Each structure stands twice: as structure tokens, then as C-alpha cells.
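Notes follow the structure.
The values are calculated or read from the model by the stated rules, or taken from the named source; none is laboratory data. Fair warning: this is a prediction, and the values are worked out from it, not measured in the lab. Cβ: placed from backbone, ideal geometry, glycine included. Neighbour counts: every protein chain shown. Surface areas here come from the heavy atoms of the whole protein model, side chains and all, with no ligands, DNA or RNA. Shrake-Rupley method; radii C 1.70, N 1.55, O 1.52, S 1.80 Å.
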Amino acid sequence: MDREALKKQLRIDEGDKLTVYVDSKGYPTAGVGHLLSSSNDFGLGDRVTREQVERWLAEDIEQALIDCTRLWSGFWAYPETVQQVLANMSFNLGYRKLAKFTDLRAAVTREDWAMAAIEMEDSLWYREVKNRSKRLVQRMRAVAMSKHSEA
């Protein structure tokens, strides 16, 4: 997987802030959508270093990929775009929430990318994150269309 391409997408979707802020759900966050735990020594408005942001981002991406492989045993065999879409969703939602997308999980397992896009669209997540979700659904549909045109 092209982790640099994924990082670029996550920076677009999450932002990239060197100051601790409260995210849309009310949680303290910094860097590229990194949720800060209560054990962190950062307060609202505190500055973080670029090095810390890059370290968090690398760790958070690795966790998202681990979660994807827990949810889909065939994850690494999927097309690159599908891997990036699923990793982006995992980064955004976390394992527990993404695991609840049972119909999406089934469609992905079947490698039915068109149905996966439909299942993504048919969710509260899609309505809540708007631009990100629309972009990810379009990418999943593009994979479905390219597979369909090969047949």
C-alpha cells in the first residue's frame, strides 16, 4: 500500500494541526486527527511538534491497517484504492465502529465493490462526514466500474 498517498488523503480529511483542539465529537485532538487520551500531558491550545505529529500519524495508520486485516482476511489482496478507502474509514471510525458495518464488511469480503459503495452510502457515517464519505464512495465506485469494464 502506498502509505504516502494515504497520508495525503488523511491530511485532507482530518486536517493537520500543531495545536490541541476539540474535534467535532468534543474530544481533544492534535496533528492529523489524533485523539489524545487522558494520559497525554497536553491541554487545549497546547502546541505539539511536527515530529510528534508524524509519529502519531504513522502509529495511527499502522493501527488502522491492523484493524483492516482483522476485519478482512483478504485485505492485502484487494485493489490499492480499496485498501486506501478502507484504511481511511478505519482511521476515521476505529475498529469497533467499522466492525458494525456488517453489510459493508460482507460486500468487501465478496469483493463486490459496487455493493460496498452502496453500503457505505447507506450509513450515518456517510451523512455525518459528508465530503470525505462522498469522495471515498466515489473511489469505491470507480474500482467497481473498472472491474465491470474488464469483464
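Answer yes or no as to whether Val143 is touching a residue at least 60 places away in the same chain (Cβ under 8 Å), over 22 Å from Val32 (Cβ atoms), among the aliphatic types (A, V, I, L, M) and touching a Phe, Trp or Tyr at 6+ places or on another chain (Cβ under 7 Å).
When the stated conditions are applied, Val143 passes them.
Each row is one residue, and each column tells you yes or no for (1) without any contact (Cβ under 8 Å) to a residue 40 or more places away in the chain; (2) under 19 Å from Leu136 (Cβ atoms).
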site	(1), (2)
Glu54	yes, no
Ala64	yes, yes
Leu71	yes, yes
Val85	no, yes
Phe91	no, yes
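Residue selection: Lys130 fails the criterion of being closer than 19 Å to Met1 by Cβ, at pLDDT below 95 and more than 11 Å from the chain's Cα centre (by Cα). So in the stretch 85-104, with the set limited to residues that are surrounded by fewer than 17 Cβ atoms within 10 Å (Cβ to Cβ) and not polar (S, T, N, Q), which one is farthest from Ala58 (Cα to Cα)? By that ranking, first place goes to Asp103. In the list Ala77, Ala107, which residue meets the criterion of being of a type in the set (A, V, I, L, M, F, W, C), open to solvent by 70 Å² or more (accessible area, probe 1.4 Å), farther than 30 Å from Thr19 by Cα and modelled with pLDDT of 95 or more? That would be Ala77, the only listed residue that is of a type in the set (A, V, I, L, M, F, W, C), open to solvent by 70 Å² or more (accessible area, probe 1.4 Å), farther than 30 Å from Thr19 by Cα and modelled with pLDDT of 95 or more. Test Leu36 against the criterion of being open to solvent by less than 50 Å² (accessible area, probe 1.4 Å), among the hydrophobic types (A, V, I, L, M, F, W, C) and either in contact (Cβ under 8 Å) with a residue 60 or more places away in the chain or more than 22 Å from Ser90 (Cα to Cα) (or both), and give yes or no. Here the answer is no, as Leu36 does not meet what is asked. Restricting to the stretch 63-74, what's the tally of residues that are of a type in the set (S, T, N, Q) and open to solvent by less than 70 Å² (accessible area, probe 1.4 Å)? Of the residues in the stretch 63-74, 1 are of a type in the set (S, T, N, Q) and open to solvent by less than 70 Å² (accessible area, probe 1.4 Å).
Quick check on Ala58: is it within 17 Å of the chain's Cα centre (by Cα), at pLDDT 90 or above and crowded, with 19+ Cβ neighbours inside 10 Å?
Judged against the criteria, Ala58 is not a match.
In the set (1) part of a loop (DSSP other than H, G, I, E, B); (2) closer than 27 Å to Met120 by Cα; (3) open to solvent by 60 Å² or more (accessible area, probe 1.4 Å), Met1 fails one condition alone, (3). Report whether or not Ser24 is more than 29 Å from Thr81 (Cβ to Cβ), at pLDDT below 90 and surrounded by fewer than 18 Cβ atoms within 10 Å (Cβ to Cβ). Spelling it out, it is not the case that Ser24 is more than 29 Å from Thr81 (Cβ to Cβ), at pLDDT below 90 and surrounded by fewer than 18 Cβ atoms within 10 Å (Cβ to Cβ). Taken over the stretch 33-73, the criterion of being of a type in the set (S, T, N, Q) and in contact with a helix residue (DSSP H, G or I) (Cβ under 7 Å, 6 or more places away or on another chain) is satisfied by Thr69 alone.
Within the stretch 1-52, restricting attention to residues that are among the small types (Gly, Ala, Ser) and more than 21 Å from the chain's Cα centre (by Cα), which residue is farthest from Val129 (Cα to Cα)? Taking the candidates together, the pick is Ser39.
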